[in-house]
1. Here's a check for you: in the range 83-120, which residue that is among the β-branched types (V, I, T), at pLDDT 95 or above and part of a loop (DSSP other than H, G, I, E, B) is farthest from ligand 2 (Cβ to nearest atom)?
2. May I ask you to list the residues in the range 270-293 that are surrounded by fewer than 24 Cβ atoms within 10 Å (Cβ to Cβ) and within 13 Å of ligand 2 (Cβ to nearest atom)?
3. Of everything in the range 44-54, what is surrounded by fewer than 24 Cβ atoms within 10 Å (Cβ to Cβ) and under 17 Å from A209 (Cβ atoms)? Give them in sequence order.
4. Report the residue count in the range 93-121 for those that are crowded, with 18+ Cβ neighbours inside 10 Å and either without any contact (Cβ under 8 Å) to a residue 24 or more places away in the chain or of a type in the set (S, T, Y) (or both).
5. Condition first: surrounded by fewer than 18 Cβ atoms within 10 Å (Cβ to Cβ) and under 21 Å from A285 (Cα atoms). Can you find one or more residues in the range 75-92 that meet it?
6. Does the range 326-338 include one or more residues that are modelled with pLDDT of 95 or more and at positive phi?
7. Of everything in the range 121-161, what is in contact with a strand residue (DSSP E or B) (Cβ under 8 Å, 6 or more places away or on another chain), aliphatic (A, V, I, L, M) and outside any helix (DSSP H, G or I)? Give them in sequence order.
8. Of all residues in the range 285-318, how many are within 14 Å of ligand 1 (Cβ to nearest atom), closer than 18 Å to A351 by Cα and in contact with a Gly (Cβ under 8 Å, 6 or more places away or on another chain)?
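The values are calculated or read from the model by the stated rules, or taken from the named source; none is laboratory data. Computed from a predicted model, the values in this text were never measured in an experiment. Glycine also receives a Cβ, built like all others from the backbone with ideal geometry; neighbour counts cover every protein chain displayed.
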Amino acid sequence: MRAPMLLTAWLLGLSAGRAPAPEGSAVVAVRARYLMGTTCRVTAWHEEADRAGRAAAAALDEVAAVEALLSTWRDDSELSRLNRRAGEGPVEVSADLAAFLDVALRVAAATGGAFDPTVGPLVDAWDLRGEGRVPDADELAAARAAVGFDAVRLHDGPSALDLTAPGARLDAGAVGKGWALDRAAEVLRDHGVSAALLDFGGQLLAVGAPPGADGFRVAIADPLARERPAVLLVLRDASIATSAQSERGRRVGEDLVGHVIDPRTGRPVPVLGSATAWAPTAAEADALSTAFLVLGPAASAAWVAGHPDDRGVAWLEPTDGGLTLHARGAIVPGLLRLRDDVTTDAALAAARRSR
Ligand code: AMP
Ligand code: MG
């Protein structure tokens, strides 16, 4: 979710502002920086004065280091250098990049390729980073031939990567911010931070809870009017990420296409609503939100039912006069309040009644 600043401010108002006076002497600091194309904001509590601000600044430095590693908007990142060597056989990669790719490839396998970090050639074919265009049949076939996470191999423990297909291109767009948040949270813990909320353009990671509260009160935006919160929930030691086509939709001929591709068909997924994923790590939440947008509400619910019970989905589907919420899994107990025009599907309504 790349929520506008207004919503972010509103969220922070709810989480930090509502927190009762600290029980101990925890001091809160807020630091923000523009990174990876959006604002990354860290709100951190520490028992010792001065330490909260220093910890939050160090966390942002870590996000900047991840950007230098993964950004495919920069030619000098390690990932961009790796992409230029596609088709050459095994290429040595740093331990950091190997760790990132390991996570990305695992989620790709777990989602049957609905999330696929090798989707780069299709993003280019549809010019989803530019004005948008419809590729002809030959171009589409060539791009599809260069996409497929199962052709990527990590070797030696792992320290080398085999990007087999010529023209293959790894794209960290759907998981890089999440991975950066997990790294930033590690830095905060190393600094002795007791609680923190990290907000990366609307993707959230909660470390603990604000002093005296049971968690951070956060919102899922309305996919049709993102400055309007649609669902309020409480988040503690978990992450939520939202993917929505309407965020960066562009018109291609008659069609409005977004920035997420269904790697199984090679086409942008239809502009519908938004998919929010809940997971223990921000990398997984980020990648899963993209996968859920590709899968749609029913298949996302089925995926959650078949996986460990600390994962969850909240799909917001536009319906006549409002939104329908399809939420399953770990996110359900955290749902606090729904806007009046948000209705729930039958299975969710039953689950909420039985609580
Ligand atoms: P997100 O906003 O997290 O859903 O990420 C979307 C970005 O990830 C796009 O801008 C593309 O760069 C890339 N992407 C698009 N479709 C996919 C996909 N199915 N799997 C992985 N990455 C994708
Ligand atoms: Mg994502």
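1. The residue in question is T118.
2. T281 - this is the single residue of the range 270-293 that is surrounded by fewer than 24 Cβ atoms within 10 Å (Cβ to Cβ) and within 13 Å of ligand 2 (Cβ to nearest atom).
3. E47 - this is the single residue of the range 44-54 that is surrounded by fewer than 24 Cβ atoms within 10 Å (Cβ to Cβ) and under 17 Å from A209 (Cβ atoms).
4. The total comes to 2.
5. There is no residue in the range 75-92 that is surrounded by fewer than 18 Cβ atoms within 10 Å (Cβ to Cβ) and under 21 Å from A285 (Cα atoms).
6. Looking for residues that are modelled with pLDDT of 95 or more and at positive phi, one finds at least one in the range 326-338, hence yes.
7. Listed by number, the residues that qualify are L128, V134, V152, L154, A160, L161.
8. Going through the range 285-318 one residue at a time, the tally reaches 2.
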